[in-house]
Structure formats: C-alpha cells, structure tokens
Amino acid sequence: MRGDSDDEVAIFTEALGILAQERDAFLERVCGSDIKLRSRIAALLRAHDRVGDFLEEQPAGAPSSESN
C-alpha cells in the first residue's frame, strides 16, 4: 500500500512541473489504464490549482519576520 502512495506523490510532484494544458497527456502516459490512479492525481492537481499560492504570501496586517 505504501508503494501506491509513493507513486502518487511522485506522479503528482512531477505533474506540478508540467504546464496545465499538457497534464492530461502526461497523466495518460504515466497512469496508463489505471483510471483510479489517474482520477486521484487529477483531483489532487485540481485542488492544488484552486488553492493557488495563498500560503506563500503573508496576510495583510501581519507583522513581518523582519521586524522581530
């Protein structure tokens, strides 16, 4: 079971480095006939895209780490 999880993480991580419009072809190639794997990875990618980069920016009004 752990191997499946490792595979998903590896595929997901690699897919993040691919342009969004090229991801379907990548998933087709990498996941092959494993529809469940492809579906899980695609769901992770959609969630990642929805979240965006909100964790990379400091909230407005928050003290900066430079002022400590």
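The values are calculated or read from the model by the stated rules, or taken from the named source; none is laboratory data. Just so you know, these numbers come straight off a predicted model, no measurement behind them. Every residue, glycine among them, receives a Cβ derived from its backbone with ideal geometry; neighbour counts consider all protein chains shown. What goes into the accessible areas is simple: the full protein's heavy atoms, side chains included, and nothing from ligands, DNA or RNA. Shrake-Rupley method; radii C 1.70, N 1.55, O 1.52, S 1.80 Å.
Can you tell me which of ARG29, ARG46, ARG2 is open to solvent by 90 Å² or more (accessible area, probe 1.4 Å) and at pLDDT 95 or above?
Working: ARG46 fails: at pLDDT 95 or above; ARG2 fails: at pLDDT 95 or above.
Step by step, each of ARG29, ARG46, ARG2 is checked, and only ARG29 is open to solvent by 90 Å² or more (accessible area, probe 1.4 Å) and at pLDDT 95 or above.
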For this session: List every residue pair whose Cβ atoms sit under 8 Å apart, with the two residues 6 or more apart in sequence or on different chains, where the first one lies in the stretch 6-29 and is free of Cβ contacts under 8 Å to residues at least 24 places away in the same chain and the second, anywhere, is open to solvent by 40 Å² or more (accessible area, probe 1.4 Å) and not polar (S, T, N, Q).
Result: GLU14/VAL30; PHE26/GLU14; LEU27/ARG38; GLU28/ARG38
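Quick one: in the stretch 12-26, which of the residues that are part of a helix (DSSP H, G or I) and over 15 Å from ALA47 (Cβ atoms) is most open to solvent (accessible area, probe 1.4 Å)? Give the steps one after another, and end with the answer.
Narrowing the stretch 12-26 to residues part of a helix (DSSP H, G or I): 12-16, 20-26.
In the following step, the residues that additionally are over 15 Å from ALA47 (Cβ atoms) were identified as 14, 21-22, 24-26.
On the way: GLU14: 108, GLN21: 145, GLU22: 95, ASP24: 102, ALA25: 68, PHE26: 5 Å².
Out of the qualifying residues, it is GLN21.
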